[in-house]
């Protein structure tokens, strides 16, 4: 399957957020993330693929003294994130992002599975943070078909990499990460969770 252009991708996500400004907001998963990373007491947090800022809102409440940052490809999502959080939001693709700092914590909640090259994307994310919270769906459970890159057959019908946990862990290790924790989320949409460094 051909990967869409940056303009096509941004338009697709803009349309999602225009139809539903609370798209993919999930307080349970955001609270789960905040609880897992509290032991690291981050002073700076970056949310890669921040969407509407729902995760940044929860992380801001959990870490009131932390500086918050978010990036997303959707201009509509970025405007919503500015309204919903106190974070500094930038409308930029991951491979073009250069903040000039290394964050204490980078969170990627349901983002990496959408990126054109997960390995290269994870290498870039490794450069951005000391600790990484990575959450990916087990979409092979609810989207029929082969492993690899394709559109979901259900729900939002987004383009995603469909891999089992073992394959994701191979990619994570190849990107140079150490797996600090390997966790299981309570449902398939956010079942694969790791803390990395």
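How many residues, within segment 164-184, are outside any strand (DSSP E or B) and either touching a strand residue (DSSP E or B) at 6+ places or on another chain (Cβ under 8 Å) or under 14 Å from residue 119 (Cα atoms) (or both)? Before you say what the answer is, go through the steps one by one.
Initially, segment 164-184 is screened for residues outside any strand (DSSP E or B), giving 164-178.
Filter again for either touching a strand residue (DSSP E or B) at 6+ places or on another chain (Cβ under 8 Å) or under 14 Å from residue 119 (Cα atoms) (or both), leaving 165, 167-178.
Number satisfying all stated conditions: 13.
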Filtered residues of segment 138-163 (kept if out of contact with any strand residue (DSSP E or B) (no Cβ under 9 Å at 6 or more places or on another chain) and part of a loop (DSSP other than H, G, I, E, B)): 142, 144, 153, 154, 155, 156
Since residue 95 meets every condition but one in (1) under 20 Å from residue 130 (Cβ atoms); (2) part of a helix (DSSP H, G or I); (3) touching a helix residue (DSSP H, G or I) at 6+ places or on another chain (Cβ under 7 Å), which condition does it not meet? (1)
Do any residues in segment 1-25 that are on the phi > 0 side of the Ramachandran plot and in contact (Cβ under 8 Å) with a residue 24 or more places away in the chain have Cβ atoms under 8 Å from those of residues that are buried (at least 17 other Cβ atoms within 10 Å of the Cβ) and part of a loop (DSSP other than H, G, I, E, B), where the two are at least six apart or on different chains, and which pairs are they? 24/51; 24/52; 24/110
Exactly one condition in (1) surrounded by fewer than 22 Cβ atoms within 10 Å (Cβ to Cβ); (2) part of a helix (DSSP H, G or I) is false for residue 125; which is it? (1)
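Just need a number here: residues in segment 56-87 that are closer than 20 Å to residue 33 by Cα and either without any contact (Cβ under 8 Å) to a residue 40 or more places away in the chain or surrounded by fewer than 17 Cβ atoms within 10 Å (Cβ to Cβ) (or both).
Of segment 56-87, the ones closer than 20 Å to residue 33 by Cα are 56-72, 81, 84-87.
If we keep only those that are either without any contact (Cβ under 8 Å) to a residue 40 or more places away in the chain or surrounded by fewer than 17 Cβ atoms within 10 Å (Cβ to Cβ) (or both) as well, we get 56-58, 60-71, 81, 84-86.
Residues that pass the stated criteria total 19.
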How many residues are surrounded by fewer than 24 Cβ atoms within 10 Å (Cβ to Cβ) and outside any helix (DSSP H, G or I) when one looks only at segment 28-55? 4
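Every number in this text was worked out from the coordinates using simple rules, so none of it is lab data. Owing to the predicted nature of the structure, the values given are computational and were not obtained by experimental measurement. Positions of Cβ are backbone-derived with ideal geometry, glycine not excepted, and every protein chain shown enters the neighbour counts.
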